[in-house]
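Notes follow the structure.
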Amino acid sequence: MRISGFATGMDIEQIVNDLMRAERIPVNKLEQSRQIIQWKMELYREINRKLDTFRNNIFDTVMRQANMLARRATSSNENVATVVASSNAGNTTIRLQVNRSATAASYNRTATVVKDGEKLDTRRSLWSQADHFAQAIEWETGIVHTKNIQLTSNTAVVDLHSHDIDAEQLKDIVVKVNGKTYKVVTSPDELGEGTVYFNESNRTLEFSGELRQGTTLRLTYVTDQAAEETFTVSEDEQPKKTFQLSRGAIDVDSLQVSIADGEPLEVVTNRDELEEGKVYVNVETGQLEFASALKDVEMKVTYKQNYVKADITAYDESGEVYDNFIFMANQSLNQVFTELNRSAVNVNGFYDDFQGVVNVSRSITGKYNDEGEEITFGGFFKDVLKLDGEAAVQAQNASVEINGLKTERYSNTFTVSGMTVTIKGTTTGEEEITLSSSIDTDKVFETIKQFVDEYNELIDFINGKLTEQRYRDYPPLTDEQKEAMSEKEIERWEERAKSGLLRNDYTLKNPLYKMRLELYNPVDIHMSTEFRQLSAIGITTSRDYMAHGKLEINEDQLRAAIEQDPEGVFQLFAQDGNTGAEKGIARRLRDTLEQAITAIAERAGGFRGKIANHQFTLGRELNSINDRISNFERRLEKIEERYWRQFNAM
């Protein structure tokens, strides 16, 4: 119990506080030391962030070929052709005549796909719209499954049984390997590129070459055996009128619904016809509904699904491309075209509601099949949508003359001499246009200037910390001192207290010195060029001693060097090599910066996985000071208690 001097007339609390203020002086000094360490850590980490940013920016500027060998391309007539030059293009000029542009094959059917006077709702299911089509849909029945198989080893043979596929009941199958559809063949003699042999005796899929481990096979397949589902409503459950099958697109003719092993109920597809002893089925969703709720019954349901097949074959530069589809009866025509348009055969299709016709066109130009149509259709596409392969617009290649050479291109966009040419129109008669490529001096200059500016800003900032004046009369403020000062006074004091904490710091001086050496030393470039030092392209160190090694650019000399030998300038910065002498200046700097970032992280943490205090020098010092402060605080508590006991005893 603490008594504040009623008996003696002394202000014991004030006396003890004054005594403890003197006792706390060592703790205050430890806390000030801790604050200095924390400030140093913040300063080091700020510098490391700037070093890391500069290191990353070096890679994105002077080490990128697209920046340092950027080209400017021009066309004498952009109404005929535009041109873009890659960094691989030389100082090139070509003459171009365009006799014909490339076109894509387009298939329009003048015959309507719907009955006279009928309209299709492309948003509703194929089953609901079947009566509107001019050609009846020949539905096939079975159970449609999808399965993804990821190969665990290299193999050319996939055993369907081992992947829980009822291969004995297999009726139809679509095989996609990493998104590419393979045509299924039933004879090993037909096996080749882009095909897969279905071995009926072994029930395996066999490919012409090994598929790599990790390859994904997506199988869409149909089994002929009907699906069976059982529903039970116990005596304790609420009576139910509706039941949901696990699949939709139900084939009504195959649907059988039996209760308690009784005779199959009559199935209706019109809810208005629903009455006792019948069951209504929503063909699209697979929902069953009864006239009255069922209770304490077991119901068995067997059924198949309605589906229709379609296929498409086209050609591109690699040869024949193929896709196969299985469309369910509950899919809409819109969904059919969505799948078609996503296919790898590069086609786009749509249904024109106004005329009731279908249009399909290639999404790539050019004629790839000299022996026939660019696209052929099968199944639902041919029979119902009436795509019989008669093209409204034939595909053709672009016909051009390049420097007098007559040639063709599949596409209206092609590359020649590192320049990407896009045809916009045709030339007239003997007209020629000129396409040229030259170094984009302005862009290369700005790229190098950005590098120099960022380097100068970095060393200016670090040198500022190295030469900053140290105010030793401004130690960190204690909490008690802060209470007696305004916020502005605290801010000014701490500005002085933080100043010079990194003055002449070796951890910072060393990488600055190394960076200057990397900039001065010549590069052993592997090609013939006169640009082996920065000074050769007009970049030198400032003569001003107070600039501390900042770089200066002679703009005229740098631009002349870029014009004269852009590859040599690029290699001066970006060349790779086994030794430091062979490495370009940018690579050397990145290596030095990496070493500096690691060294600073070893001292102050915050980078390269140095997160916990025990992983870096200042963190360990901080832990040590925290332990000493904790011990001192416990000791001060005992001293304060002793003072109170002594004064209370008086």
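The values are calculated or read from the model by the stated rules, or taken from the named source; none is laboratory data. Since this is a predicted model, take the numbers as computed values, not measurements. When we count neighbours, we look across all protein chains shown, and the Cβ atoms used for this are built from the backbone with ideal geometry, even at glycine. Heads up: the accessible areas ignore ligands, DNA and RNA and are worked out on the full protein's heavy atoms, side chains in. Shrake-Rupley method; radii C 1.70, N 1.55, O 1.52, S 1.80 Å.
General observations
- Unique match (being small (Gly, Ala, Ser), within 21 Å of Leu512 (Cβ to Cβ) and open to solvent by 20 Å² or more (accessible area, probe 1.4 Å)) among Gly606, Gly549: Gly606
- Unmet requirement for Leu512, which otherwise passes all of (1) closer than 13 Å to Leu589 by Cα; (2) in contact with a His (Cβ under 9 Å, 6 or more places away or on another chain); (3) exposed (fewer than 14 other Cβ atoms within 10 Å of the Cβ): (3)
- When the stretch 240-289 is filtered for residues that are of a type outside the set (D, E, K, R), in contact with a Lys or Arg (Cβ under 9 Å, 6 or more places away or on another chain) and under 21 Å from Thr146 (Cα atoms), the ones remaining, listed by number, are Ile250, Gly286.
- Members of the stretch 164-196 that are under 17 Å from Thr215 (Cβ atoms) and hydroxyl-bearing (Ser, Thr, Tyr): Thr181, Tyr182, Thr195
- Subset of the stretch 279-304 (residues that are of a type outside the set (A, V, I, L, M) and in a loop (DSSP other than H, G, I, E, B)): Glu284, Thr285, Gly286, Lys295, Asp296, Lys304
- Which listed residue, of Glu633, Glu582, Glu621, is in a helix (DSSP H, G or I), closer than 30 Å to Asn510 by Cα, open to solvent by 30 Å² or more (accessible area, probe 1.4 Å) and among the acidic types (Asp, Glu): Glu621
- Odd one out for Arg109, checked against (1) open to solvent by 30 Å² or more (accessible area, probe 1.4 Å); (2) closer than 30 Å to Pro188 by Cα: (2)
- Any hit, the stretch 392-403, residues being in a loop (DSSP other than H, G, I, E, B), open to solvent by 40 Å² or more (accessible area, probe 1.4 Å) and more than 27 Å from Val113 (Cβ to Cβ): yes
- Unmet requirement for Phe607, which otherwise passes all of (1) assigned to a helix (DSSP H, G or I); (2) in contact (Cβ under 8 Å) with a residue 12 or more places away in the chain: (1)
- Count of the stretch 348-390 residues which are among the small types (Gly, Ala, Ser), in contact (Cβ under 8 Å) with a residue 40 or more places away in the chain and over 16 Å from Ala130 (Cα atoms): 5
- Of the residues examined, Ala329 is not one that is at pLDDT 95 or above, aliphatic (A, V, I, L, M), farther than 23 Å from Thr122 by Cα and crowded, with 18+ Cβ neighbours inside 10 Å.
- Checked against the criteria, Glu594 does not count as farther than 30 Å from Ala66 by Cβ and assigned to a helix (DSSP H, G or I).
- Taken together, the residues in the stretch 210-268 that are over 48 Å from the mean Cα position of the chain (by Cα), part of a loop (DSSP other than H, G, I, E, B) and not polar (S, T, N, Q) amount to 10.
- All of (1) over 40 Å from the mean Cα position of the chain (by Cα); (2) under 20 Å from Lys40 (Cβ atoms) hold for Pro511 with one exception: (1).
- Asn56 vs. criteria outside any helix (DSSP H, G or I) and out of contact with any helix residue (DSSP H, G or I) (no Cβ under 6 Å at 6 or more places or on another chain): no
- As for the stretch 159-180, it holds no residue that is of a type in the set (Val, Ile, Thr), modelled with pLDDT of 90 or more and surrounded by fewer than 17 Cβ atoms within 10 Å (Cβ to Cβ).
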